[in-house]
Every structure is written in C-alpha cells, then in structure tokens.
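The values are calculated or read from the model by the stated rules, or taken from the named source; none is laboratory data. It should be emphasised that the depicted structure is a prediction, and the values quoted were computed from it without experimental measurement. Cβ atoms come from the backbone with ideal geometry, glycine included; neighbour counts cover every protein chain shown. What goes into the accessible areas is simple: the full protein's heavy atoms, side chains included, and nothing from ligands, DNA or RNA. Shrake-Rupley method; radii C 1.70, N 1.55, O 1.52, S 1.80 Å.
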Amino acid sequence: MTRRDALRSLGNGFGTVALADALMGATGSNPTALPSPHFTPKAKRVIFLFLNGGMSQVDTFDPKPMLDKHHGEPMPGPKIVTDRASGNLMRSPFQFKRHGKSGLEVSEIFPQVAERIDDICVIRSCWSDNGNHGPSLLMMNCGHGLPGRPSMGSWLTYGLGSQNRNLPGFVVLCPGYPVLGPQLWTSAFLPASYQGTYIPSGEREPEKLVRNIRNRHHTQAEQERQLALIEKMNRSYLERIGHQPHLESSISSMEVAFRMQMEAPGIFDISKENQATRARYGDHDFGRGCLMALRLAERGVRMVQVYFGNFQPWDSHDDIRVHAELAGQADGPIANLIDDLKSRGLFNDTLLIVGSEFGRTPMIQNSGLERVCNGRDHNVHGYTTLLAGGGVKGGMAYGATDEFGFKAEVDRVHVNDLHATILHLMGIDHTRLTYRYSGRDYRLTDVAGNVIKPIVA
Amino acid sequence: MPPEYPFLHGVRDADKPANARIHIRGDEKNLGDEAPRRFLSVLSEGEPKPFTKGSGRLELARIISGHPLAARVMANRIWLGHFGQGIVRSPGNFGQLGERPTHPELLDYLAARLVESHWSLKALHREIMLSAAYALSTRDSEKHSAIDAGNRLLWRANLNPRLDAESLRDSMLFVAGQLSLDSGGPPSPLEDTNTRRTIYGYVGRTTLDPMLSLFDFPNPNNTSEQRSITLGPMQRLYFMNNEFVARIADAFAERIKRVGRSDEERIQMAYRLAFGRTPRSDEMRMNQDFLRATGSAWAQFTQALLTSAEFSSVN
C-alpha cells in the first residue's frame, strides 16, 4: 500500500495525512509499513551538528593564502554588501596544514577532525540569501528565509516515517534554545506529529529529558494492572462500535507508550556509556549532545539535530580568536562521533552534517560597536559545510570561493541544492516530496535545488 | 498606573494611505510593481476598480461580505466542525486546485440561510444539528461501504478518532467536576491549577503550551483551516503519567466516591460522566474485579477511564 493509496482509502473524515502514517505505524515493528523512499537510499538517518552563530570558513576549512599576502589591504573588486560595515582583509590567526591521503588543508583549531578528513566531504561553495541570523537559520533548517515552512527533519519523518516506533522520529538537542528556537524544528503546516521533539540536553535526569515518561504515583506493578484494565475497556469499546481502523491504531499506540516508558529514559541517559567513552566526548553540552545523538542514531531515530549551544555561540563579531575555544569544544565530539559511528557499524548509512547558517567575512568587521577589532561579520556569499558518512565521498573538497574566501565562485551550492542532495541521499526525490497547503504543493526545496551529483559516492 | 490594565489593539486609517509595492518572493528588499488597493481581480468581473475611500478597508470588507464565496466558505467550515469533513473537502481552497463540493446544492442552501439569518452562526449550527444527517449513527454497513467507503455521501456519521486539545482538556476538567464556565477576560497560562475552559488559555507563538502542542493545536505562526489529528504514543504517555491527569483522576475519584452509595452506583456514574452511557454488565464486572483486586484504587480506575480510547473520541 503506498502512501497515496492509504490517503485515498482514508476519506472517512477527520484526519489528514498524519492518520495515514499512524495507520501504517499501527503494525509496529513491521518495516514494510513505513512509507517507502523513491529509490534505494544511501543513508537511513541524519545527524546534523549545527554550529550556530556562523563558523568562519577562512579560519577552519577554506584556507586562503591571499589573505596573508593582502592582510590589511582593501578587498579588491566591486563592493559586495555585508550586514555591517566591513574593513580591510584580515588574515587568519590560525595555521593550516595538509592532512590525510587527500591532503586537504584544515586549520589547527580542528586537529582531531583534520585526522579524519579522508572521511569528510568539505563543501566550500555554500551560499545563502540573507545575511541575518534569523532568515539564514530558517533557510538552513526549513529551506526558506521566511517563517512558516516545515523543517528538514519534519519533511524527512513525513516522507520516511520513523524506524523506531518507541522513539520520536526527529529529535533536537540543545541545552536551552538557539536563536528562533522551536521555529527551527517546526512542522509548520505538516501535521504536528512531525515536529522535532526538543530535548533539553543539559538536563541529567531522564524525566526532565522526555516529558511524561515516568509515573510518580504508581508502582510498575500497579501500572501494569491499570493498563490491563484499559486494554479491556478498549476492547469492549471496539466490540461496540465495530471496525474502526484509526481507533485500533490509537489503541496500539498505548502498547508502544508503555514500551517507550521502559526504554526511552535509558536511551537518553548517557551515563549508560562507559566512563572512557564519555570522557572522549568531554563534559560539556555539545559533547553530551553528540553522544546522545550517537545513541539515538543507533536506535533508528531518523534525524537528530544537535545545536552547539544556546543563542549563537559562533557569532564571533568581536574577535575571531574566540573560534579557537569554540572549535576546541567541537573538534573532539565531531571526531569521536565519526569514530563511534564507524565502530558501531552506522557510519555508512548515517549522513553526518556539520555546518552553520552562514560563514564569516574575510574582512575585519568595522562597525565600531565591538570591543575588540579582530572580528568578522556575517557572510552568506560563501561558506563551508561538512558532510560525512552515508553515501558521501570522503577526502574531497567540492566547490570553491574566490581567492579571498568571500564569495562562492566554483560549483556554487545554494542551501536548496544542499537540501536536495540530503534528500537524495535519503532516497527521496526532492521534487516529489510535496504537501498541499494553501492551494499549492510545497516542498523543502521551494522551487529550486539541484542534487550535487559529484559528491555522491 | 496599575501593573496590568485591560487594553485592546485597534487599527485606524493612515492619514495618507499609500499603495504598497509587491515584495517579490516575500523579500522586502526585492520590490516589484506598485499594487493598487482594490479587490482581487480573480474574483471580479473585468478589471476591479481601485478603492477610493481612505485605505479601502471598509470597501474591501463590504465586497467580501457581499460575495457569495464568503457565505459558502463560512457555511462549509461550520459543517466541517460538525461532520469532520466539509462539503468542500479543501476548506481553504475553493479554487481550481481545491476539491469540488460533494453536495453543491446543500452548500448553497446553507450559505443562503446564513445570509438570510443576518449571518447568525448560532442559527446555522442549530439547523445543521437538527438535520437527519447529523443524527446518523457511526455504524458501518457492508452494503454502503462497498459503494462509498469514504462516506462522501454521508450515509453514516464519521467517527472522530480523537477530540481536539481544547475539548479534551475541558472534558477532563468537567468529569472531575472542576470545569469553570466563566466567560471572557484575558487569557492565562494553562497551568495545572487553571480550571477555566481551554479556549481562555494563553497561546504563545514561540513556545506553545506542551499539552496543546501534543494534541495537534496548529502552529500559531501559520494559518490553519482544519485540525490535523495524530494518534501517537506520546499522547498516551500524557494520560498515563502527566501530573495534571493524575490530579484530575483524583478529583474524579473523589467525586464519584462522594456521590455514589455503592461501588456499582459509582462505576455507573463514572461511565455516564466519562462516556455518556451506562456500563454493560460485563463491563461492570470487569471494573468491580479491578477495584477488588486493587483494594479500591478508585483513582487508578478513573485514570484508566481517561486513558481509554473511548474518552478521547466523540460518540
């Protein structure tokens, strides 16, 4: 039964597409009940590590010797508009070195990621539309600069369902909120069950991580007895009203809920990992988030998004040297996540994305408002995103910015193209995953997007 | 000045209203042609005339309320609320890409009645609810199912698989004997101690109340012409473990314990309150057995009623 058939046969009032998913999910662990992808997927799940605030490309993965040469000089050529006033070119305070068989250059602030560069595809030619955090965060997450569109995780779970019915299909981890908060994982006009489940990853107690997961009043034995009564009540109701598929589905979700109650707290509880593993990820929010993402991926959660931290930590307007400290926290968890995905046999079908809403200018920021004048402004004209794992070629740089690292010039990759590629790797034709709302068919990639074929393994 | 004083947002015409320019692809920096203030050309005979009085808001309102489409759309939405599906099953789209009405004459009749009654919504609700179609049972019939499985022709009532968030919360407060029917006033957060009807709950645009969000309250940043209904395990966990539900189950138990004189009477009362019917004899026995086995755990029994599928669905 295809999704379309299921929808047609529904027609019994009350309910839109969500019901179809719930119906198909009623068969529980039967994987054939999941909506099927358009073609054989290279990746089954996505982990998106979001370095919110804007990681500078010329200080991390896009080295520009011309910046050293022309340090302190004005950027030649016609002026490109940036968010605030920009000054002269500024060289990176960090050294780059070649790594791995691929010889790709990585900045010294990412030493551990550098050692795994042969597993990573570095897209150096990303660009977006609007140089402000809000619109660019929306673009990167929802494919459009204005609010009101479903997020990528919502589209993925809408299109593919969840592999694990005991857990939400799309999980978002952040100790607090990034800028814009829940708008970044909204299901917008898609049914609400596809919105990201937000987990405050700074919490240590499972009850605080997943709402309503523990009962504070009854013992397990009491609850089991109560559930047996509920089951009898439901059976008796069904006998009375006859065959009603969506009620049967609702009833089966009762059993899932009970299983979830037993399993979910342990999954979010990283103290279940041994001490050595936890130490490798580090005792900070991003490290814990990455370890939690690993455990969730392992159990079939379709998409996990980990925000680096609250608000916008990577927004180094004042002093780009702060990037060293930030990278110091990001480097280990990213590298360890790659290693552990590999050792647990998940790397080949997990798509790992590391990126920001935009990059930063190769020029010094010159707005006069900042304390220290070694900062860089927002830059949507050219920035870097890393992909690794599920179906992506490792040890490869794709596209290029101009000689100063300002504007993407070779093989330009718009966010719509990036999204089209991510969906493609997940087995979805981005032009065919649509939802009719407000009189037209919407999709993640709006009316654009081309799959970047050369990076697909 | 008091810390909180009542206020109402209002609008008034600008002194010099001006035409806006088209924002191409929604971008305020990418401006297209000026768009004269006038009615939609797609719904006008020939080229619509520009508005002349002030901003044109009043002229716009008059055209909308005089247009047959407005009455049809409104009548369709009222119908949808009662039947689960509109006569036009794309309530937000009566255009080329929308669905055709299943009963066009009925829709026009209802629209005309709405206008005749000076747009009295109450009168239209009453007329619909007194109809034979509204009184139909949900009972399935193989014969009819074979012809019209989707029930487009309304040979039976559509069974609602789950109440919407507001009705669910109100129903819980009601069975516990705690629902406050006070009307009006400012909204307040839906804390566990808030016993007012849920429509008076505060709706946050950035962070929606978790209960509302769990039961498919639409995203307040988007327009929504119809609720989607999802049925998932997270919702069952809510009934099983949430503190508000536990509180309601306790109050519900206290209520029936106080009023009923025997266990049998209490179970009967609980069924009438929660399901609007009396229990069958086998149901009576099953609940009596449960209470005996648990040493009269009434609150566990009432919570079971709240968690059951029957409580969440209308019948």
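Against the definition (surrounded by fewer than 16 Cβ atoms within 10 Å (Cβ to Cβ), within 14 Å of another protein chain (Cβ to nearest Cβ) and among the basic types (Lys, Arg)), how does residue B:258 come out, yes or no?
So residue B:258 fails the test.
Being in contact with an Asp or Glu (Cβ under 8 Å, 6 or more places away or on another chain) and away from chain A (no Cβ under 14 Å) is the requirement here; does residue B:77 meet it?
So residue B:77 fits the description; yes.
Considering only the range B:228-251, state which residues are among the small types (Gly, Ala, Ser) and within 15 Å of residue B:216 (Cβ to Cβ).
Result: B:228, B:232.
Applying the selection to the range A:156-190, what residues are crowded, with 23+ Cβ neighbours inside 10 Å and farther than 25 Å from residue B:209 by Cβ?
A:156, A:159, A:160, A:165
Return only the number of the condition from (1) touching a Lys or Arg at 6+ places or on another chain (Cβ under 9 Å); (2) in contact (Cβ under 8 Å) with a residue 24 or more places away in the chain; (3) more than 25 Å from residue A:171 (Cβ to Cβ) that residue A:83 does not satisfy.
All conditions pass for residue A:83, except number (1).
Of all residues in the range B:171-189, count the ones that are under 18 Å from the mean Cα position of the chain (by Cα) and open to solvent by less than 20 Å² (accessible area, probe 1.4 Å).
2
Given the criterion under 19 Å from the mean Cα position of the chain (by Cα), within 14 Å of chain A (Cβ to nearest Cβ) and open to solvent by 60 Å² or more (accessible area, probe 1.4 Å), identify the matching residue among B:223, B:206.
It is B:223.
In the range A:386-416, which residues are modelled with pLDDT of 95 or more, surrounded by 23 or more Cβ atoms within 10 Å (Cβ to Cβ) and more than 30 Å from residue A:88 (Cα to Cα)?
The answer is A:387, A:388, A:389, A:392.
Assess whether residue B:98 counts as being more than 30 Å from residue B:135 (Cβ to Cβ) and either in contact (Cβ under 8 Å) with a residue 60 or more places away in the chain or open to solvent by less than 60 Å² (accessible area, probe 1.4 Å) (or both).
No, not satisfied.
For the condition touching a helix residue (DSSP H, G or I) at 6+ places or on another chain (Cβ under 6 Å) and either under 24 Å from residue A:324 (Cβ atoms) or not aromatic (Phe, Trp, Tyr) (or both), what is the one hit in A:390, A:399?
A:390
Only one of (1) more than 14 Å from chain A (Cβ to nearest Cβ); (2) out of contact with any helix residue (DSSP H, G or I) (no Cβ under 7 Å at 6 or more places or on another chain) fails for residue B:83. Which number is that?
For residue B:83, the failing item is (1).
Identify, from the list A:253, A:316, the residue that is touching a His at 6+ places or on another chain (Cβ under 6 Å) and crowded, with 16+ Cβ neighbours inside 10 Å.
Among A:253, A:316, only A:316 is touching a His at 6+ places or on another chain (Cβ under 6 Å) and crowded, with 16+ Cβ neighbours inside 10 Å.
Just for helices (runs of 4 or more DSSP H) wholly inside the range B:28-133: which have at least 1 residues that are more than 29 Å from residue B:12 (Cα to Cα)?
So the answer is B:68-83, B:104-116, B:121-129.
With the requirement that a residue be touching a strand residue (DSSP E or B) at 6+ places or on another chain (Cβ under 9 Å) and either basic (Lys, Arg) or in a helix (DSSP H, G or I) (or both), what does the range A:80-103 give you?
Correct list: A:84, A:97, A:98.
Assess whether residue A:279 counts as being open to solvent by 10 Å² or more (accessible area, probe 1.4 Å) and among the small types (Gly, Ala, Ser).
Judged against the criteria, residue A:279 is a match.
Could you tell me which of the residues A:429, A:441 is open to solvent by 30 Å² or more (accessible area, probe 1.4 Å), in a loop (DSSP other than H, G, I, E, B), among the acidic types (Asp, Glu) and out of contact with any Gly (no Cβ under 6 Å at 6 or more places or on another chain)?
Exactly one residue qualifies, and that residue is A:429.
Considering only residues that are open to solvent by 70 Å² or more (accessible area, probe 1.4 Å) and free of Cβ contacts under 8 Å to residues at least 40 places away in the same chain, look in the range B:120-143 and name the one that is nearest to the other protein chains (Cβ to nearest Cβ).
Applying the filter and picking the extreme gives B:139.
Got at least one residue in the range A:199-216 being farther than 23 Å from residue A:435 by Cα, in contact with a strand residue (DSSP E or B) (Cβ under 6 Å, 6 or more places away or on another chain) and surrounded by fewer than 24 Cβ atoms within 10 Å (Cβ to Cβ)?
There is at least one residue in the range A:199-216 that is farther than 23 Å from residue A:435 by Cα, in contact with a strand residue (DSSP E or B) (Cβ under 6 Å, 6 or more places away or on another chain) and surrounded by fewer than 24 Cβ atoms within 10 Å (Cβ to Cβ).
Would you be able to tell me the number of residues in the range B:24-58 that are over 31 Å from the mean Cα position of the chain (by Cα), among the charged types (D, E, K, R) and surrounded by 12 or more Cβ atoms within 10 Å (Cβ to Cβ)?
Residues flagged as over 31 Å from the mean Cα position of the chain (by Cα), among the charged types (D, E, K, R) and surrounded by 12 or more Cβ atoms within 10 Å (Cβ to Cβ) within the range B:24-58 amount to 4.
Examine the range B:231-247 for a residue that is under 22 Å from residue A:195 (Cα atoms), among the small types (Gly, Ala, Ser) and at the interface with chain A (Cβ under 7 Å from one of its Cβ atoms), and state whether such a residue exists.
The answer is yes; a qualifying residue exists.
Among the residues of the range A:428-457, write down those that are hydroxyl-bearing (Ser, Thr, Tyr) and under 24 Å from residue A:410 (Cα atoms).
A:445 - this is the single residue of the range A:428-457 that is hydroxyl-bearing (Ser, Thr, Tyr) and under 24 Å from residue A:410 (Cα atoms).
Against the definition (within 14 Å of chain A (Cβ to nearest Cβ) and closer than 30 Å to residue B:246 by Cα), how does residue B:164 come out, yes or no?
Yes, satisfied.
Report yes if some residue within the range A:172-179 is touching a helix residue (DSSP H, G or I) at 6+ places or on another chain (Cβ under 7 Å) and either farther than 27 Å from residue A:270 by Cα or small (Gly, Ala, Ser) (or both); otherwise report no.
no
Specify which of the listed residues (A:263, A:231, A:224) is of a type in the set (D, E, K, R), within 14 Å of chain B (Cβ to nearest Cβ) and within 24 Å of residue A:154 (Cβ to Cβ).
Result: A:263 is the single residue among A:263, A:231, A:224 that is of a type in the set (D, E, K, R), within 14 Å of chain B (Cβ to nearest Cβ) and within 24 Å of residue A:154 (Cβ to Cβ).
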